[in-house]
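Single-structure report; data block below.
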Amino acid sequence: MPFDPFAPPTQAATRPTGDDLAAMVLDWAQSADAVDDVELMEVLARTSGAAPERTASLRANAAYLRRDPEATLRALAEIGAHEVAPEGPQSMDGVLALGARSCRGDVAAFSALVAVGPHVPPALRVRFLYVLAIAAESVGQAGMADEAWRSVVVDHGVRTTFTMSRAAAGSVAGRSRTNAPEAVGTVMGWANALRAMSPRPVQDAATTRLTIDHLLGRGDDAGAALLAAAVRRTSPAAASLDELAARTRPAISMAGRVVPWVCGAAGAVLGMALKSPVALLLGIGAGRLARRFVRLVPSMSETDEKVWSSIEGLRFDERRGATGSSLTEVRAWPTLGLLVGLTVGVLVGIGLDGAVAGREVGTGVHAILWLVPIVGGSVLGLGAGLRLTRHRDASKVRRREADEDVARLAGAQVCRCWESDALVGPFALAYGSAHLGGARVPVSDLLPTGRPGVLLQCPVSGIRWLATTTASHGSDLLLRASAPAPADDAAGAPKGLGGYI
């Protein structure tokens, strides 16, 4: 039975109290920091009941992430870290103070922050990049901020909703405006990166939605439309992705749709009337020429329009779990249905034509007697083939997803307490069910309003996990704390070690 954080808690275990409770909740707050869940981080720091000086750095970081430099400096002042020595910051709290002052418009503080970069130890590099990126955004250095976020995601592998949305938005906004293939590579690359996250966009579209919002906030409506279409076209069907694609879809020019086809059709008719293949080719050429001069998406640049056309030509193949071209891929059953329908239509046309043989009927009647059964038979055959294909594809998708669930649950049975501070998405659900399942202790009173919360304990390590949901309520979230403090009289434990090395 899958783990459900909303299920009624059991009473087989007891809730920690006193210093043990404070330490556990503070650990959860620090784990929330690892997934950039600002609201959860702040609430847990407050409800832990820990002394203010123990939570000051955490509260300062949370305030900085939500762009509140005044609250950041107030929290740092509680531990005397709001002022920076002339020789530069001596800790990450000092770096955070420089970032907060930069966000308030202190040009000298921003210069000092940038100068600190080469001297930051590797272990603190990611935290520095967070501070730098947010400060750069605040002072109008969008290019520097985009590069910092890209480094966090690409170079350091920190992929949270907070970081991925900013890195993806910055890269898509910086796509080539003159080279369509290069721009396609940028947009599709970040669409693939978003799809590779856990949870995937089809399971929880929060990261994709936030990325789109960042692009719209930068005034890049075209980039938002391109990325939304790319994620939608390369993912299985999902109502949330359909909504994003519809919300950002640009207005399509009717003239851009119709004029090239009219020119091409007119040329084809002229070629048939003149019985000249040259005229036919000229007609096709006229259609392609009209396509160059009559814009399909007037609100986009010519390069972005080419990118849009490339993305719109993609289709997600549910059967293979991969993306292909909707224009070039050949499937067996639709093709067979089309051929059978065409054959039946031809036979019906022959029969109808024979039925009116010897009668005086116009050429138009003969054309209709042939055209209607051929077109009708082809459409019906193609439709039947597509229907059968969708049914078979859906069955294969269900079997593949069931196999993936089995594989995921198998991995979730192994203890992960030694490597993970937080787990998000389907694996968090599987881990809570397969490994941490058992007694559930209610702790929702420690969390933001509306979020479920129960305490789970690892049977191997004794580590205590908070089971809740992400801020969007779209995914399961597990946050790691410490194991309970060992009793003072632990049997056989050397004094001072508490049973641990």
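Descriptive notes on the structure:
Listed here are the residues, each with its yes/no results for (1) among the polar types (S, T, N, Q); (2) at pLDDT below 95; (3) over 26 Å from H473 (Cβ atoms).
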| position | (1), (2), (3) |
| --- | --- |
| P2 | no, yes, no |
| P9 | no, yes, no |
| L21 | no, yes, no |
| L40 | no, no, no |
| A51 | no, yes, yes |
| A62 | no, no, no |
| L65 | no, no, no |
| P69 | no, no, yes |
| A100 | no, no, yes |
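- Scanning the range 23-37 for residues that are in contact with a helix residue (DSSP H, G or I) (Cβ under 7 Å, 6 or more places away or on another chain), part of a helix (DSSP H, G or I) and in contact (Cβ under 8 Å) with a residue 60 or more places away in the chain yields a count of 4.
- Check on N192, farther than 26 Å from Y64 by Cβ, within 13 Å of the chain's Cα centre (by Cα) and not hydroxyl-bearing (S, T, Y): yes
- Sole exception among (1) assigned to a loop (DSSP other than H, G, I, E, B); (2) surrounded by 15 or more Cβ atoms within 10 Å (Cβ to Cβ) for A237, by number: (2)
- One residue stands out in the range 33-64 among those that are of a type in the set (A, V, I, L, M) and within 22 Å of R104 (Cα to Cα): the one that is farthest from the chain's Cα centre (by Cα), namely A56.
- Residue match in the range 83-93 (condition: surrounded by 14 or more Cβ atoms within 10 Å (Cβ to Cβ) and in a helix (DSSP H, G or I)): yes
- Considering residues of the range 442-452 that are more than 25 Å from the chain's Cα centre (by Cα) and part of a loop (DSSP other than H, G, I, E, B) only, the residue farthest from W28 (Cα to Cα): T449
- All positions within the range 453-470 that are over 23 Å from R200 (Cβ atoms), assigned to a strand (DSSP E or B) and β-branched (V, I, T): V454
- For the range 136-171, the candidate set comprises residues that are assigned to a loop (DSSP other than H, G, I, E, B) and not polar (S, T, N, Q); within that set, the residue that is nearest to S102 (Cα to Cα) is V139.
- Looking across the range 164-181, just one residue is among the β-branched types (V, I, T) and crowded, with 22+ Cβ neighbours inside 10 Å, and that is V172.
The values are calculated or read from the model by the stated rules, or taken from the named source; none is laboratory data. Here the structure is a predicted model, which means the values were calculated and not measured. Note that each Cβ is placed from the backbone with ideal geometry, even for glycine, and that neighbours are counted across all protein chains shown.
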